[in-house]
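Written below as structure tokens is the structure these notes are about.
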Amino acid sequence: MDQAQQLRNIIKAGAFSYNRPLARVIAVTSGKGGVGKSNVAINLAIQFKKMGQRVIILDADFGLANIEIMFGAVPQHNLCDLIYQGKNIKDIITWGPMEVGFISGGSGIAGLSNLSRDYLVHIIQNLKELDSIADIIIVDTGAGISDAVLEFLVASGEILLVTTPEPTSITDSYSLLKALNRHPRFSSETSQIKMIANKVEAKGEGQNLFNKLNAVVSLYLELPITYLGEIPEDVQLSKAVMQQMPVSLQTPQAKSAQAFEAIAAKLMDKEIEGEVKKRGMAAFFSHIAAMRKINL
């Protein structure tokens, strides 16, 4: 029996049940750093909250603390405390503006290969509780094509790829999609990839950017990607970042905040139209655990 089958047996044995509401898990990623990925994650979270959704962000960008810095809040616990210190899921959630929660990943997921069966059951039993706490869970991944980033993306049903007009951002976005497409466990049938153009200077620039990337992706990867929208370069957003506040809260009339609102609305429309398949957080984590070949 392989590791993945053993993990499925744990789930079937009662570690968590699918007969309950499942959270929508959305991974936000980018081919390179500095494109505003975490800003996108936070502002979409705020916009979802304004729409009446319960939202939690998992900060999986190990080594950085972008989410907590932008929220102006320091978490007392992280995922490591859930795994190794016996904390429960509610203990490690830090509540930011508008009661948007976030969980600091720390090095917790990076250490999955050392986990025993008992640890795994404990984690899955706790993570299933997120499905009752949140309607949407946004996973802020690291940038680039590291193994850790790819594992998060393969486990996600929805992937938001943040790209800017910079030539290096476009080429790095393509490199990320190429690496993802080659991953042995990635399936374009179960994971939707949606591009967001950030820091655009002129209206329509985002669509042109998507057209260029999509042309190359369609030709060489035959990988379906869709366009979500563009976020303009905005001095109000920069001011909000300096003051550790999401622009969607500090200056909701700003052009960038309005763009985030439009993108969040489009994502919610997809759910209403039945185009989104919810996996839940425990299933997301279980997928990652199986890929890391945990010693059960």
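Mind listing whichever residues of the stretch 200-240 are small (G, A, S) and either within 20 Å of D172 (Cα to Cα) or not in a helix (DSSP H, G or I) (or both)? Give the derivation first.
Going through the stretch 200-240, the residues small (G, A, S) turn out to be 202, 204, 206, 215, 218, 229, 238, 240.
Once the filter is applied, which keeps residues that are small (G, A, S) and either within 20 Å of D172 (Cα to Cα) or not in a helix (DSSP H, G or I) (or both), the stretch 200-240 yields A202, G204, G206, A215, S218, G229.
Kindly indicate whether A197 is small (G, A, S) and in a helix (DSSP H, G or I). Break it down into steps so the answer makes sense when it comes.
Values: small (G, A, S): yes; in a helix (DSSP H, G or I): no.
No, not satisfied.
Sort out which residues of the stretch 241-251 are touching a helix residue (DSSP H, G or I) at 6+ places or on another chain (Cβ under 8 Å) and either part of a helix (DSSP H, G or I) or closer than 13 Å to P97 by Cβ (or both), and write them in order of number. Break it down into steps so the answer makes sense when it comes.
Step one: of the stretch 241-251, the residues touching a helix residue (DSSP H, G or I) at 6+ places or on another chain (Cβ under 8 Å) are 241, 243-251.
Matches in the stretch 241-251: V241, Q243, Q244, M245, P246, V247, S248, L249, Q250.
Of the conditions (1) modelled with pLDDT under 95; (2) in contact with a helix residue (DSSP H, G or I) (Cβ under 8 Å, 6 or more places away or on another chain); (3) surrounded by 19 or more Cβ atoms within 10 Å (Cβ to Cβ), Q192 clears all except one; give me its number.
The one condition Q192 does not meet is (2).
Just name the residue that is nearest to Q53 (Cα to Cα) out of those in the stretch 87-100 that are surrounded by fewer than 17 Cβ atoms within 10 Å (Cβ to Cβ) and free of Cβ contacts under 8 Å to residues at least 24 places away in the same chain. Let's see the steps before the verdict.
Our first condition is that a residue be surrounded by fewer than 17 Cβ atoms within 10 Å (Cβ to Cβ); within the stretch 87-100, this holds for 88, 90-91, 95, 98-99.
If we keep only those that are free of Cβ contacts under 8 Å to residues at least 24 places away in the same chain as well, we get 91, 95.
Working: D91: 21, W95: 15 Å.
My answer is W95.
So which of K128, K199 ends up being buried (at least 16 other Cβ atoms within 10 Å of the Cβ), of a type in the set (K, R) and modelled with pLDDT under 90? I'd like the intermediate steps shown before the answer.
Numbers: K199 fails: modelled with pLDDT under 90.
Matching residue, one of K128, K199: K128.
Is it the case that some residue within the stretch 193-213 is among the aromatic types (F, W, Y) and either in contact with a strand residue (DSSP E or B) (Cβ under 6 Å, 6 or more places away or on another chain) or farther than 23 Å from L58 by Cα (or both)? Don't jump to the end; show me each part of the working.
Taking the stretch 193-213 and keeping what is among the aromatic types (F, W, Y), we get 210.
Next cut, either in contact with a strand residue (DSSP E or B) (Cβ under 6 Å, 6 or more places away or on another chain) or farther than 23 Å from L58 by Cα (or both) only: 210.
Yes, the stretch 193-213 contains at least one residue that is among the aromatic types (F, W, Y) and either in contact with a strand residue (DSSP E or B) (Cβ under 6 Å, 6 or more places away or on another chain) or farther than 23 Å from L58 by Cα (or both).
Among (1) modelled with pLDDT of 90 or more; (2) more than 15 Å from the chain's Cα centre (by Cα), there is one condition I42 misses while meeting the rest; what is its number?
Condition (2) is where I42 drops out.
I'd like to verify a number: residues in the stretch 204-240 that are of a type in the set (A, V, I, L, M, F, W, C), in contact with a helix residue (DSSP H, G or I) (Cβ under 8 Å, 6 or more places away or on another chain) and crowded, with 19+ Cβ neighbours inside 10 Å, how many? Spell out the reasoning first.
Taking the stretch 204-240 as the starting set, the residues that turn out to be of a type in the set (A, V, I, L, M, F, W, C) are 209-210, 213, 215-217, 219, 221, 223, 225, 228, 231, 235, 237, 240.
This time we only want the ones that are in contact with a helix residue (DSSP H, G or I) (Cβ under 8 Å, 6 or more places away or on another chain), so: 209, 213, 216-217, 221, 223, 225, 228, 231, 237, 240.
Within this subset, residues satisfying the condition of being crowded, with 19+ Cβ neighbours inside 10 Å are 209, 213, 217, 225, 228, 231, 237, 240.
Number satisfying all stated conditions: 8.
Going through the stretch 144-169 one residue at a time, which ones are surrounded by fewer than 19 Cβ atoms within 10 Å (Cβ to Cβ), without any contact (Cβ under 8 Å) to a residue 60 or more places away in the chain and part of a helix (DSSP H, G or I)?
Within the stretch 144-169, D147, P167 meet the criteria.
The values are calculated or read from the model by the stated rules, or taken from the named source; none is laboratory data. Predicted, not measured: the structure shown is a model, and the values here were computed from it. Here the Cβ is made from the backbone with ideal geometry for all residues, glycine too, and neighbour counts use every protein chain on show.
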